[in-house]
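The structure appears right after this line, and notes come after that.
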Amino acid sequence: MLRVGLTGSIAVGKSFVSSALAELGCQVFDADQLARDVVRPGAPALAEIVAAFGTGVLAPDGALDRAKLGSLVFADAEARARLNAIVHPRVHAEQDRLLREAEARDPRGIAVVDAALLIESGGYRRFDAVAVVWCRPEIQLARLMARDRLSRAEAERRIAAQMSSAEKRRYADFEIDTSEGFEPTRRQVVALYARLRERAAETPPSHCEETG
């Protein structure tokens with residue numbers, strides 16, 4: 001089975017690419033949803049987060065208040081690193097479990113993990129190929145302002161807080177440029193899928209292993 005990491009910065013169209021790959025037949029897993037799952041109430045990771053950041057990061061029902069936690073770590077690199085050290089190993093372990101199941105279902109298939117922090121977490125090393133979604137900076141800014149109803153300054157701060165698309169592209173085996181809109185992007189995804197199918201046919205089965 002071919003394991004593909006899909007990543008991209010905020011508001012570049014990664015979700016559209018992910019859904020298009022799923023429609024074409026890839027088994028797609030959302031790392032952000034996995035990150036939510038591993039911090040659900042009662043999970044060991046949530047207890048560690050509370051120990052590290054205090055009970056103020058909890059909602060009244062005992063679930064993690066992601067907005068409150070985000071406000072704590074957004075501008076604090078040390079706090080983000082502490083949070084990532086708690087969450088990322090568990091997300092990686094869950095990804096490995098899902099990838100093993102995916103390979104059992106379809107040994108010659110394509111499994112895609114959609115992960116915004118694929119590069120930053122070092123998780124990209126665990127995949128056979130990395131696909132980076134990007135668009136021109138002015139389009140990314142406009143999309144983010146419209147999507148989240150942010151001022152230019154707010155949107156610029158959010159973009160600046162992440163690894164840039166230019167930096168992410170340095171790690172790419174494949175790239176998708178979404179600058180021109182949905183249909184040109186879809187054509188690129190179809191072409192990417194064809195190339196991934198070729199790679200999958202050449203990939204030895206039963207190589208998916210637990211990496212933690």
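The values are calculated or read from the model by the stated rules, or taken from the named source; none is laboratory data. From a predicted model like this one, the values you see are computed outputs, not experimental measurements. Positions of Cβ are backbone-derived with ideal geometry, glycine not excepted, and every protein chain shown enters the neighbour counts.
When the criteria are applied in full, Phe16 meets the requirement of being of a type in the set (Phe, Trp, Tyr) and either in contact with an Asp or Glu (Cβ under 6 Å, 6 or more places away or on another chain) or surrounded by fewer than 18 Cβ atoms within 10 Å (Cβ to Cβ) (or both). Would a scan of the stretch 196-204 turn up a residue that is out of contact with any helix residue (DSSP H, G or I) (no Cβ under 6 Å at 6 or more places or on another chain), without any contact (Cβ under 8 Å) to a residue 40 or more places away in the chain and within 23 Å of Asp30 (Cβ to Cβ)? No, the conditions are met nowhere in the stretch 196-204. Of the residues making up the stretch 17-37, those that are among the hydrophobic types (A, V, I, L, M, F, W, C), farther than 15 Å from Glu175 by Cβ and either at pLDDT below 95 or within 14 Å of the chain's Cα centre (by Cα) (or both) are Val28, Phe29, Ala31, Leu34, Ala35.
Does Glu78 satisfy the criteria of being free of Cβ contacts under 8 Å to residues at least 40 places away in the same chain and surrounded by 16 or more Cβ atoms within 10 Å (Cβ to Cβ)? Criteria not met by Glu78.
Test of understanding: among Ser151, Ser121, Ser179, which residue is hydroxyl-bearing (Ser, Thr, Tyr), at pLDDT below 95 and more than 16 Å from Ser18 (Cβ to Cβ)?
Ser121
The rows are residues; the columns are (1) of a type outside the set (S, T, N, Q); (2) in a helix (DSSP H, G or I); (3) in contact with a strand residue (DSSP E or B) (Cβ under 7 Å, 6 or more places away or on another chain); (4) closer than 27 Å to Asp76 by Cβ.
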{"site": "Ala131", "(1), (2), (3), (4)": "yes, no, yes, no"}
{"site": "Arg147", "(1), (2), (3), (4)": "yes, yes, no, yes"}
{"site": "Ile176", "(1), (2), (3), (4)": "yes, no, yes, no"}
{"site": "Thr185", "(1), (2), (3), (4)": "no, yes, yes, no"}
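If you check Arg108, Arg66, which single one turns out to be closer than 24 Å to Leu192 by Cβ, modelled with pLDDT of 90 or more and basic (Lys, Arg)?
Numbers: Arg66 fails: closer than 24 Å to Leu192 by Cβ.
Testing whether each residue is closer than 24 Å to Leu192 by Cβ, modelled with pLDDT of 90 or more and basic (Lys, Arg) leaves just Arg108.
Within the stretch 29-45, is even one residue among the aliphatic types (A, V, I, L, M), assigned to a helix (DSSP H, G or I) and closer than 17 Å to Val133 by Cα? Within the stretch 29-45, one or more residues are among the aliphatic types (A, V, I, L, M), assigned to a helix (DSSP H, G or I) and closer than 17 Å to Val133 by Cα.
Only one of the numbered conditions (1) surrounded by 13 or more Cβ atoms within 10 Å (Cβ to Cβ); (2) among the hydroxyl-bearing types (Ser, Thr, Tyr); (3) more than 20 Å from Asn84 (Cβ to Cβ) is not met by Tyr171, and that is (3). If you filter the stretch 149-168 down to residues that are in contact (Cβ under 8 Å) with a residue 40 or more places away in the chain and in a loop (DSSP other than H, G, I, E, B), you find that the one that is surrounded by the fewest Cβ atoms within 10 Å (Cβ to Cβ) is Ala161.
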